Amino acid sequence: MIKEIKASELDTRKFIDEKVKEIKSAVGSGIAINALSGGVDSSAVTMLGHRALGKQLRTVFIQNGLMRAREPEQVAGFFKKMGVDIEIIDARNEFLKALKGITDPELKREAITQTFYKKVFGRIVRESGAKFLLQGTILTDVDETVAGIKRQHNVFAQLGIDPQETFGYQILEPLIQLRKDGVRMTGKALGLPEELFTRIPFPGPALAARIIGEVTAERLETVRKATSVVEKLLGGRGAFQYMAILHEDRVTGMRDGKRDFGQQIEVRCWDSIDARTATPTRLSFEVLEQLADSIISEVPGVVSVTYNIASKPPSTIEAV
Ligand code: XMP
């Protein structure tokens, strides 16, 4: 039974001191490793781990090719400023290979999870000789996994993996007694920059969650470009989350006076408190027109732009 520490009763200094001691005594003079995604949980664990272990902790950022434009460099840049070196591992081809031909949403998610843990990260851990893996699992992940609500990529039991047996390493989960609010407080106390906390939520399967149908290098590039436009135009308006989705169906359009059987991008922009329910933001028609114009001029091959006006439920925030 995990003992919850509520944000209201969290003394961040005491919590950080305790966790630093626990991590140090578990790892001793050995080597630990962790994967950083740039999300709040993995960022807080990275800082905590570095405070405890310094150079004994190796932090990797796995470039799966499904990230937004310049995302790995941006995240590594945040940490560089705080004196923490992040190794970017290029695994783009492995993920593309694993996703080839898959169109079913759950199978896509499964392929990404398996490629991450069993192939890429598993290999890095084995080669590094690290005996400890630091993970940013939080109490909500455990609850949701136990209740069967959501497949959590970081709860190993659900993946049928015994890490000690499979990889020969032990997992340390220093944030497991906290929920998101407690993690944010801890992250701030560890000196993480405001920008990391104000980033909008982004799903683990990344842009693959925003491609309907097969994920290919070319289709990723299309949705990546559209995402940059949407994030630029819809950022700073207080919306909970906003995104571009690439559809599978093509529609007839016109380009340079010629028929163009082109691609469709759907824009979603959500108002929400906790992502459990959400309603579309009432964007002005001027903003919608700006979105359409910019997407069509900046993303090759797109001839149609739509805006989602359905709520969650029955919609979900992501399309896949
Ligand atoms: P849905 O699409 O289920 O999304 O309405 C709810 C919230 O969760 C995010 N999301 C994910 N986050 N791994 C994550 O870490 C995932 O597989 C995943 N799928 C969805 C989504 O962006 C939204 O904020």
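Rule-based calculations on the coordinates, nothing more; no lab input. These numbers were taken from a predicted model, which means no experiment stands behind them. Heads up, the Cβs are rebuilt from the backbone with ideal geometry, glycines too, and the neighbour counts pull from every protein chain shown.
Residue pairs exceeding 21 angstrom between C-alpha atoms, taken from Lys232/Lys258; Lys6/Lys180; Lys21/Lys188; Lys188/Lys225; Lys55/Lys80: Lys232/Lys258; Lys188/Lys225. Helix content alone sets the calculated 222 nm mean residue ellipticity of the chain: runs of n ≥ 4 DSSP H residues at -39500 (n - 2.57) each, divided across all residues, give -12000 deg cm²/dmol.
Give me the percent of DSSP beta bridges within the chain that run antiparallel, rounded to the nearest 5. Beta bridges within the chain, antiparallel portion: roughly 40 percent.
Modelled spin labels at Ala69 and Asn93, positioned 7 Å past Cα toward Cβ, are 2.7 nm from each other. Panel order for Met67, Met243, Met1, Met254, by other beta carbons found within 10 Å of each beta carbon, from fewest to most: Met1, Met254, Met67, Met243. Computed extension length for Lys6-Thr140: 47.0 nm, one decimal, from 0.36 nm per residue of separation with the Cα-Cα distance subtracted.
If you run the Gaussian network model on the chain, springs between alpha carbon atoms under 10 Å, then out of Arg210, Arg259, Arg68 the most flexible one is Arg259. Using a simple spin-label model with pseudo-atoms 7 Å out from Cα toward Cβ, Ile31 and Asp256 lie 5.3 nm apart.
Please work out whether the chain counts as rounded, prolate or oblate from its C-alpha gyration tensor, where a ≥ b ≥ c are the square roots of the eigenvalues and a/c under 1.5 means rounded, while otherwise a/b larger than b/c means prolate and anything else oblate? Prolate is the answer for the chain, as a/c is 1.5 or above and a/b outweighs b/c. Taking the DSSP beta bridges with both ends in the range 211-307, the antiparallel portion is around 70 percent.
Here the Gaussian network model covers the chain, with springs between Cα atoms less than 10 Å apart; of Thr166, Thr281, Thr216, Thr166 fluctuates the most.
The calculated FRET efficiency for Glu127 paired with Glu286, based on their beta-carbon distance and R0 = 56 Å, is about 0.55. Within straight-line reach of Lys97, meaning a Cα separation under 18 Å, sit the following lysines at least 8 residues removed in sequence or on another chain: Lys108, Lys118, Lys119.
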